[in-house]
Amino acid sequence: MSRLTRVRVVGVSVPWAMVNGAIIGFVPGLFIGCLIGAGVCWGAGTVLDWQRELAFTLGVTQQLLPFGDQAPVLQQVSQSWQVVIPICGGIFGVFWALIGTLAAGVVAAVMNRFGIAIPVRVEQESADPSPELPRSSAAEERRLRKDR
């Protein structure tokens, strides 16, 4: 049987909290980084298309247009989206993992320092862990000796 009760936590493992903070920070960082990488690849392709239309409409060379001298870089980013998206995801994931590690470490240290009362679900064990099983005579004798 478990019930929600308020207890004073004596200590929280700071290294364990930091590991959990790294995991909790890495996952959304990876997701957001992949979205940003996809946006960068899409934006590079869009800028290239815009440059082609503008060069055709105005009749000028690409070097005279905005981002004109960056066209080879934009084309490379647009074509290698299979590499750009995971790299952006990994970079953002590691960055947010570092932030999560530091934040969780600070929270654990503050909890250890001030002993904040937090709601915790506590399970209370019964005196007899297996009431449906018959007790052996040796276990019964030990219990009787302990009770005296």
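Gain on full extension, evaluated as 0.36 nm per residue between Phe95 and Ala109 minus their Cα-Cα distance, stands at 2.9 nm. Packing-based ranking of 103-115, 34-46 yields 34-46, 103-115, ordered from highest to lowest mean Cβ neighbour count within 10 Å. If R0 is 41 Å, the Cβ-Cβ spacing of Val12 and Val83 corresponds to a FRET efficiency of close to 0.55.
Read the figures in this text as sums done on the coordinates, not as results from a lab. This one's a predicted model, so the numbers in the text were calculated from it and none came from an experiment. Positions of Cβ are backbone-derived with ideal geometry, glycine not excepted, and every protein chain shown enters the neighbour counts.
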